[in-house]
1. Could you pull out the residue among Leu99, Leu41, Leu106 that is modelled with pLDDT of 90 or more and under 14 Å from Met139 (Cα atoms)?
2. Given the conditions (1) out of contact with any helix residue (DSSP H, G or I) (no Cβ under 6 Å at 6 or more places or on another chain); (2) modelled with pLDDT of 90 or more, report the number of the one that Glu126 does not fulfil.
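The values are calculated or read from the model by the stated rules, or taken from the named source; none is laboratory data. Remember, predicted model here, so these are calculated numbers, not experimental data. Virtual Cβ from ideal backbone geometry, glycine too; neighbours counted across all protein chains shown. Accessible surface is based on the protein model in full, side chains and every heavy atom, while ligands, DNA and RNA are left aside. Shrake-Rupley method; radii C 1.70, N 1.55, O 1.52, S 1.80 Å.
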Amino acid sequence: MPRGRLALVSVCLCLVCLIVLMPQAAARFCTRDSIQKIEHLIGKAPEMKGLNCRLYTPTIDHYKKCPSATMKCFAGEMNVLLDEWEITDVYLIKLKTSLKTLADRLNKTQSGCTIHCELFEMAEPEIFLNILRETLLLMNTLHCTQETR
């Protein structure tokens with residue numbers, strides 16, 4: 001009989017652990033740190049005006065239709081921006097990885113979502129960064145609890 005109780009306790013403990021961990025799945029789409037990095041880059045934008053850089057820029061509507069493909073475009077264009085601006089700050093370089101990881105996490109079957117970034121309009125870096133920030137804020141609104149936003 002003790003083996004039966006021990007087995008039952010083990011099963012119950014495992015179920016409690018699974019229940020506790022389930023809400024964290026939504027938190028993997030929370031991007032507060034990335035938003036802070038983007039806001040830092042927005043602050044640098046006026047200094048970089050002379051570089052004459054333009055980026056393919058998806059919109060929030062594209063994100064609503066095709067989240068993963070849109071985030072992949074943002075991630076790719078962020079690579080271009082950081083290279084053009086010659087950003088070497090490790091804190092900001094991690095943004096490339098964060099956006100790519102986010103796009104991979106969003107990756108699910110999306111019909112009609114073979115988006116080519118080159119089809120988007122090109123915009124100045126400051127506009128690109130503002131749209132990316134707004135997209136991430138929308139994502140936080142949809143996927144994050146109040147405390148993780």
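1. From the options Leu99, Leu41, Leu106, the qualifying one is Leu99.
2. Glu126 satisfies all of (1) out of contact with any helix residue (DSSP H, G or I) (no Cβ under 6 Å at 6 or more places or on another chain); (2) modelled with pLDDT of 90 or more except (1).
Conditions tested, residue by residue: (1) open to solvent by less than 50 Å² (accessible area, probe 1.4 Å); (2) closer than 20 Å to Leu51 by Cβ.
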residue: Asn79; (1), (2): no, yes
residue: Trp85; (1), (2): yes, yes
residue: Leu99; (1), (2): yes, no
residue: Ala103; (1), (2): yes, no
residue: Leu106; (1), (2): yes, no
residue: Glu126; (1), (2): no, yes
